[in-house]
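Here's the structure we're looking at; comments come further down.
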Amino acid sequence: HLDQKDAAIRDYNEAIRILPQDASKLLTRAGFWEANDRPDLAAADRATAQRMSEGAVWVEWKGKWYPGNILRTENGKSLIHYSGYESTWDEWVTPDRIKRK
């Protein structure tokens, strides 16, 4: 079973590496930690996911609304990461293109 657990945590970590702004990946890994007697790590993943969800927004791009997260705000614009997309799609947007989830 240890090999399966090692493989599982590698898969969870890789999913988080590929989609670092997807809070659901952290919540899934938190479930793994909980099931494997690591409530400390589960709590840390849940806390990070909560902070990410507080920045969760919808962003208008070319007339359509996409889910995303605010990474930071400067000079009246917000740096957005689009959920499910690579960071190459991240962009600075004005408040008129953002609505809270």
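Taken together, the residues in the stretch 12-43 that are part of a loop (DSSP other than H, G, I, E, B) and at pLDDT 90 or above amount to 3. Restricting the stretch 56-70 to residues that are assigned to a strand (DSSP E or B) and over 19 Å from L26 (Cβ atoms), the residue that is least open to solvent (accessible area, probe 1.4 Å) is V59.
Keeping to the stretch 71-88, report how many residues are open to solvent by 40 Å² or more (accessible area, probe 1.4 Å) and part of a strand (DSSP E or B). Summing the residues that are open to solvent by 40 Å² or more (accessible area, probe 1.4 Å) and part of a strand (DSSP E or B) in the stretch 71-88 gives 5. Entry remark, the stretch 1-28: residues being among the charged types (D, E, K, R), farther than 21 Å from G68 by Cβ and either open to solvent by less than 100 Å² (accessible area, probe 1.4 Å) or within 13 Å of the chain's Cα centre (by Cα) (or both) number 3 in total.
From the list A30, A23, the one residue that fits, being touching a Lys or Arg at 6+ places or on another chain (Cβ under 6 Å) and hydrophobic (A, V, I, L, M, F, W, C), is A30. Residues that are among the hydroxyl-bearing types (S, T, Y) and closer than 14 Å to P67 by Cβ within the stretch 83-101 comprise S83, Y85, listed in sequence order.
Screening the stretch 29-55 for residues that are within 9 Å of the chain's Cα centre (by Cα) and either surrounded by fewer than 17 Cβ atoms within 10 Å (Cβ to Cβ) or among the charged types (D, E, K, R) (or both) and picking the one that is nearest to L79 (Cα to Cα) gives S53.
The values are calculated or read from the model by the stated rules, or taken from the named source; none is laboratory data. This one's a predicted model, so the numbers in the text were calculated from it and none came from an experiment. Positions of Cβ are backbone-derived with ideal geometry, glycine not excepted, and every protein chain shown enters the neighbour counts. Quick note on the areas: whole protein, heavy atoms, side chains included, nothing else; ligands and nucleic acids left out. Shrake-Rupley method; radii C 1.70, N 1.55, O 1.52, S 1.80 Å.
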